[in-house]
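Below: one structure, written as structure tokens.
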Amino acid sequence: MSDYSLSCPLPISDYPRVLMAHGGGGRLMHDLIHKMFAAAFGGQSETDSAVLPYAGQRLAFTTDSFVVKPLFFPGGDIGSLAVHGTVNDLAMSGATPRALSAGYILEEGLPMETLWRVVHSMAQAARQAGVSIVTGDTKVVERGKCDGLYINTAGVGFFEHSQDVTPAAIQPGDVILLSGDVGRHGMAIMASREGLEFESAIESDSAPVAAPVLELFRRGVEVHCLRDLTRGGIASALVELAVSSGREFSVDETRIAVRGDVRAACEILGFDPLYVANEGRFIAFVPETQSACALDILRSFEACSGAAVIGRAQEGGGRVLVRSAIGATRILDLLSGEQLPRIC
Amino acid sequence: MKWVDEFRTAESAQRAAAALGRITTREWRIMEICGGQTHAILRFGIDQLLPPGITLLHGPGCPVCVTPLEQIDKAIELARRPEVIFTSFGDMLRVPGSHEDLLSVKAAGGDVRIVYSPLEAVELARRHPGREVVFFAVGFETTAPANAMAAYRARELGLSNFSLLVSHVLVPPAIEAILSSPSCRIQGFLAAGHVCTVEGFEDYLPIAARHGAPIVITGFEPLDILQGIYLCVKQLEEGRAEVENQYARAVRPGGNPAARRLVREVFEIGPRKWRGIGEIPNSGLHLRESFAAFDAERKFSLAAGDVAESSQCISGLVLQGARKPHECAAFANLCTPEHPLGATMVSSEGACAAYYRYKRTHV
């Protein structure tokens, strides 16, 4: 009994209930994962997938849940998003995605036509990403209990190389590559969910990135670490990796591409695009000597045609320094939760 | 992006900073009133480009920060009622009241919704005739026209289930109050450009003259702010105390006449309490008698309860430019954005939150 405690490791007095911010990709979610889930279940995976020994090989295992509203948005839908998100989590550990599961939670009254569109899109996305959906589950909940449908997935993948892709592998001198412009998915969802209309619809960047990532390994690039830039955006990904690797990153903000329409939408709402979610973007840490080669490989794929060097890792610190547009330097930090539109 | 990119380049900022360095011969303390400017100064690191003699002090121009605790408590009391749909701009939801914030009320089942315009709240009231829709009408001169329009439109539609919980404040009386304080250390002001796009800048002329303090109407991009500081320092160096308009691409002397007419039709000027500062005469907007039916405080008979601010929080001194955020003993240990002791740590535009986010570890 001595190693079992009934007392909750999170300060319950501060947060007696779960808030939306606990899923927002910021500090509250970080605390929930580390102080409650990891504390109770053990294990401290610092990557998007767990890597398990299996029959003399390594197996990557991941899971993800999709609760996006609306179900269909410019540039994708919940079905394609579920495939891209899971495949990308596997790819970020350096694994080749093999098989996915699809668990559907359906709301009573959901039009069958809607469900079919999602299932069809999911199947198509899986074919494009070269994975099979091999098992699944179906549950129906009463009307009003979920927003039409939720999807849970699991994914497994195998490794075709022997490299260890982890924050601990990041070396001083490593160059940080970004696979394309940031902020599109979050702003596409925001605009369509809230009925905000801009001159043209902002399309999500949702895309599978396993192919370009695996090509890096195939061509012998020494990839030290990879991270996709989902909830919390590129800022949260950089901060998390700086903390877990214990390295200091310096990043040039002007090299982080943000499309004009995304930037305008962020300006209007008071959002920082560096914290806005992406679904087809990642950062990669590679030795400086290989960065030109890695960039050429990435840019040959449509999903990474805008790949660029944005900064580098150096000794010590566990923090991220950003050089701003006017040439001054500031510290990048995690937000506590999601960004909220500001008053003026 | 036009009108933004050209005001954000390294070359233009360095040039403006160099020009500022050339005219600065002694130490000057300048306050930027607006929280949006505080945020931009720290996000872009504008303070790092300034000549050593220039100190920027951060003013009370963050609507979230200065909304009094008792108004937040009233909002929370309303949001808890089952018949109420409580609507607000996003960043008010995280502000702690005496016991909890609006996000916690939402998590406990309260119907709290983020809207992007008060007119969305009016539309909600139209669509839900069986519910009471309340909009949290906070802000400076910038949000007043849209909030006035909401009351105006609700009356036009004959809605009886829509009301505003008003906590509106005005900038010129706050500048007057800060300058009138015997301990005032501020020598010049950057006034908030967006506030002046609505109200113009005629109200600032007598303040600058009376207190001998230059006031420069300033925009929000790095180059705007550097130019605003330059104009302010130039006046100080030359012994002038005038009102100048750096943000002429958006601000006219008389502001926006249509918006001002609407605001005056719906609201009247009266005293208003500022969190951390106290009551300032003629610094608030209140719904006129002809719009009393849309005043949530009167409609729901909300009385101000007893409120207790944290004894460790010095946000009042921070808001008046008397202290910098990191001079507070609670900064970044007892007081963080997750556990704010005072409102300046909550809002993204609050000076303490901006320092926490961008300057906690000095570079």
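Of note:
- With only Cα atoms counted, segment B:291-333 has Rg and Dmax values of 17.1, 45 Å.
- Cut-off under 5 Å, modelled amide H: who pairs with B:Ile54 long-range: B:Trp28
- In units of the rule-of-thumb radius 2.2 N^0.38 Å, chain A shows an alpha carbon radius of gyration of 0.98.
- Computed from Cα positions, the angle between helix B:69-80 and the longest principal axis of chain B comes to roughly 40 degrees.
- In Hz, Karplus ³J(HN,Hα) per residue of segment B:234-243 (6.51, -1.76, 1.60; θ = phi - 60°; x = Gly, Pro): 4, 4, 4, 5, 8, x, 9, 9, 10, 9
- Rounded tilt (10° steps) of B:257-266 against the dominant C-alpha axis of chain B: 40 degrees
- With Cα atoms, 0 to 90° folded angle of helix B:118-127 axis to chain B main axis: 10 degrees
- Long-range Cα-Cα pairs in segment A:167-332 (distance over 28 Å), rounded percent: 19 percent
- Straight-distance crosslink candidates among aspartates and glutamates, where the alpha carbon sits under 14 Å from B:Lys234 and sequence neighbours closer than 8 are dropped: B:Glu27, B:Glu242, B:Glu244
- Rounded, prolate or oblate (a/c below 1.5 giving rounded, otherwise prolate when a/b exceeds b/c) for segment B:87-162 by Cα gyration tensor: oblate
- Kyte-Doolittle at least 0.0, axis length at least 30 Å by Cα - qualifying DSSP helices, chain A: none
- Rounded to the nearest Hz, the phi-derived 3J(HN,Hα) couplings of segment B:82-87 under the Karplus curve 6.51 cos²θ - 1.76 cosθ + 1.60 (θ = phi - 60°) are x, 7, 9, 9, 9, 10, where x marks glycine and proline.
- Ranked for footprinting exposure by Cβ neighbours inside 10 Å, fewest first, B:Thr218, B:Thr55, B:Thr25 give B:Thr25, B:Thr55, B:Thr218.
- Rg followed by Dmax, in Å, when segment B:315-357 is reduced to its Cα trace: 8.8, 25
- Considering helices alone, the calculated mean residue ellipticity of chain A at 222 nm is -8000 deg cm²/dmol, with DSSP H runs of length four and up weighted by -39500 (n - 2.57) and normalised per residue.
- Relative to the compact-globule estimate of 2.2 N^0.38 Å, the Cα radius of gyration of segment B:219-363 comes out at 1.36.
- Alpha carbon centroid spacing (whole Å) that separates segment B:129-195 from segment A:267-344: 37 Å
- Average other protein chain Cβ within 10 Å of Cβ, residues A:318-326: 6
- Value of relative contact order over segment B:168-284, rounded to a whole percent, pairs C-alpha under 8 Å and six or more apart: 31 percent
- Chain B: equivalent-ellipsoid semi-axes (sqrt of 5 x gyration tensor eigenvalues, Cα, Å): 35, 23, 18
- A straight line joining the Cα centroids of segment A:176-192 and segment B:279-329 runs 38 Å.
- Space enclosed by the convex hull of the alpha-carbon atoms of the protein assembly as shown, per residue, Å³: 176 Å³
- Amide H contacts under 5 Å for A:Gly136, placed H, 5+ residues apart: A:Ala102
- Chain B - mean residue ellipticity at 222 nm from DSSP helices (-39,500 (n - 2.57) per run, n ≥ 4, rounded to 500): -11000 deg cm²/dmol
- GluC sites (Glu not before Pro) restricted to segment A:91-151 and DSSP loop, no more than 15 other C-beta within 10 Å: A:Glu108, A:Glu142
- For A:Arg98, the amide hydrogen comes within under 5 Å of the amide hydrogens of A:Val156, A:Gly157, A:Phe158, counting only partners 5 or more places away or on other chains and with H modelled in the peptide plane.
None of the figures in this text is laboratory data; all of them are computed from the coordinates on show. Given the structure is predicted, the values throughout are model-derived calculations rather than measurements. Using ideal geometry, Cβ is built from the backbone for each residue, glycine included, and neighbour counts are taken over all protein chains shown.
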